[in-house]
Amino acid sequence: MHTFRVKAFGITKDILGGKEMVIEAPGVTVADLRSALNEKYPKLTGLRSLFIAVNNSYAAETAEIREGDEIALIPPVSGG
Amino acid sequence: MHTFRVKAFGITKDILGGKEMVIEAPGVTVADLRSALNEKYPKLTGLRSLFIAVNNSYAAETAEIREGDEIALIPPVSGG
Amino acid sequence: MIKITEKPIDVQKVIDTASSLNAGAVNVFVGTVRNNAHGKNVVWLEYEAYETMAVGEIRKIIDDASHRWPLLGWAVSHRIGTLKPGEVAVAVAVSTPHRKDSFEACQYIIDTLKVKVPIWKKEVFEDGEEWISAHPAVAVNS
Amino acid sequence: MIKITEKPIDVQKVIDTASSLNAGAVNVFVGTVRNNAHGKNVVWLEYEAYETMAVGEIRKIIDDASHRWPLLGWAVSHRIGTLKPGEVAVAVAVSTPHRKDSFEACQYIIDTLKVKVPIWKKEVFEDGEEWISAHPAVAVNS
């Protein structure tokens, strides 16, 4: 298992119950992390969308996360 | 002959040589006034356009001008 | 608010006048004097208006815009007299519930103002001057 | 200038920052908090940003806009924290040589900001609150 520290914003902060959580995932891709998140917090699947950002940029599902990367959950944005 | 007092703006002020001029025209329509103006000040025909306003609105060529109407020459506008 | 004025335009005041508590969007267009035209340096501009008619024509444009977009507030201010490069010649602001309408309405107002409202500008260069758009071909009278 | 700030936005400063002596046009979009949404009274809004990423995403949008339109100046300021109805949430200003480009570039920037930049707002009503657009159907959690 791999351990990731994940920042949460907006409604994901409410769903995860905090600004930053530690998540265990079976693999190192964004998709692996997403699966682990959805399993632990099923309410995430009810969102209109959920992007995962790595190092301040939107990440593809196939991207691999490395140690020290900054990971963040991006629920539907609503700025402006 | 009919006598009209005409306000001039922009380049027409330069062509007529003043802010307000008295023009004699053979008829009472805007077209009559335009003919008289073009004859007296041929440089007006070199303009990209020339509208005539009566009482603060653009007037049709067939409109009749009455005593007391405010008449103005509107060369191509360039506000903004 | 429709204003034709010799005094510098207070853009913030134009925006405040157009704003509304029911609006989510304000779009503002500010037209400024450029320091060059046709490759020549502009020293200053002279703006002249047929004021009573200009106010009436702007009012017609606002009325038309009000029928096409849900305007909650608006303001148009046009400067006349002598303007130096960088100074504000015109400011248009509108507020609407949503942003797309604010862009469309503001653009309609300034586009129409530029073709209908009796205001004229003369560019003064170092070696001559020219009433803008007066003649079919651009030529500088020196 | 890209700014994410808890302090009230000074729209005039945003405009001044975007202005340029070579520009003839400045377009400004101001997004304000409406006093109602879905027919309910909005008491206040809470804006939250993932600041480092938000600044980066706005920079990408400006870079894209700079490639599509001749931007001579620009400024984007977004407020975060607690906002009351009537307050300015975002201000975008761009200057270009001619006006059409200023409208298009400003609209592109705000449209793209609204779908890409990680900023979130929660509407707080008298009887509940809601993270805007979070769920497929609009529903207010009471």
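Report, by residue number, each residue of the stretch B:6-53 that is touching a residue at least 40 places away in the same chain (Cβ under 8 Å) and over 20 Å from C:Glu48 (Cα atoms). Lay out the reasoning, then the answer.
Quick first cut of the stretch B:6-53, residues touching a residue at least 40 places away in the same chain (Cβ under 8 Å) only: B:6-12, B:16.
If the condition is that a residue be touching a residue at least 40 places away in the same chain (Cβ under 8 Å) and over 20 Å from C:Glu48 (Cα atoms), then no residue fits.
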*Going through the stretch D:103-123 one residue at a time, which ones are within 7 Å of another protein chain (Cβ to nearest Cβ) and within 27 Å of D:Ser20 (Cα to Cα)?*
D:Phe103, D:Gln107, D:Ile110, D:Leu113, D:Lys114, D:Val117
*For residues that are within 17 Å of D:Lys114 (Cβ to Cβ), among the hydrophobic types (A, V, I, L, M, F, W, C) and surrounded by fewer than 21 Cβ atoms within 10 Å (Cβ to Cβ), tally how many sit in the stretch D:35-60.*
2
*Taking the residues in the stretch D:4-26 that are at the interface with another protein chain (Cβ under 7 Å from one of its Cβ atoms) and part of a helix (DSSP H, G or I) as candidates, determine which candidate is surrounded by the most Cβ atoms within 10 Å (Cβ to Cβ).*
D:Ile15
_the stretch A:39-80, residues that are among the hydrophobic types (A, V, I, L, M, F, W, C), facing another protein chain (nearest Cβ under 7 Å) and either surrounded by fewer than 13 Cβ atoms within 10 Å (Cβ to Cβ) or under 21 Å from A:His2 (Cβ atoms) (or both)_ = A:Ala53, A:Ala72, A:Ile74
*Hits in the stretch B:24-80 - residues which are part of a strand (DSSP E or B) and among the hydrophobic types (A, V, I, L, M, F, W, C)*: B:Ala25, B:Phe51, B:Ile52, B:Ala53, B:Val54, B:Ile71, B:Ala72, B:Leu73, B:Ile74
*Would you check which residues across the stretch A:7-22 are in a strand (DSSP E or B), more than 8 Å from chain D (Cβ to nearest Cβ) and either surrounded by 15 or more Cβ atoms within 10 Å (Cβ to Cβ) or on the phi > 0 side of the Ramachandran plot (or both) and list them?*
A:Ala8, A:Met21
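Among the residues of the stretch C:14-23, is any without any contact (Cβ under 8 Å) to a residue 12 or more places away in the chain and in contact with a Gly (Cβ under 9 Å, 6 or more places away or on another chain)? Spell out the reasoning first.
Here is the first cut: in the stretch C:14-23, the residues without any contact (Cβ under 8 Å) to a residue 12 or more places away in the chain are C:16, C:21.
Remaining after also requiring in contact with a Gly (Cβ under 9 Å, 6 or more places away or on another chain): C:21.
Within the stretch C:14-23 (the criterion being without any contact (Cβ under 8 Å) to a residue 12 or more places away in the chain and in contact with a Gly (Cβ under 9 Å, 6 or more places away or on another chain)), the answer is yes, since at least one residue qualifies.
Matching residues to (1) among the aliphatic types (A, V, I, L, M); (2) assigned to a loop (DSSP other than H, G, I, E, B); (3) under 17 Å from the mean Cα position of the chain (by Cα):
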site	(1), (2), (3)
C:Val28	yes, no, yes
C:Lys60	no, no, yes
C:Pro85	no, yes, yes
C:Ala91	yes, no, yes
C:Ser102	no, no, yes
C:Pro136	no, yes, no
_Residues to consider are C:Glu48, C:Glu126; find the one that is at the interface with another protein chain (Cβ under 10 Å from one of its Cβ atoms), touching a residue at least 40 places away in the same chain (Cβ under 8 Å), under 28 Å from B:Ile11 (Cβ atoms) and touching a strand residue (DSSP E or B) at 6+ places or on another chain (Cβ under 9 Å)._
C:Glu48
*Just give me the residues in the stretch D:102-115 being surrounded by fewer than 19 Cβ atoms within 10 Å (Cβ to Cβ) and under 21 Å from D:Ile80 (Cβ atoms), in sequence order.*
D:Asp111, D:Thr112, D:Lys114, D:Val115
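Read-outs throughout are calculated quantities, based only on the coordinates presented, and are distinct from any laboratory measurement. For clarity, every value in this text was computed on a predicted model and none was experimentally measured. Positions of Cβ are generated from backbone atoms using ideal geometry, with glycine treated the same way; all protein chains shown enter the neighbour counts.
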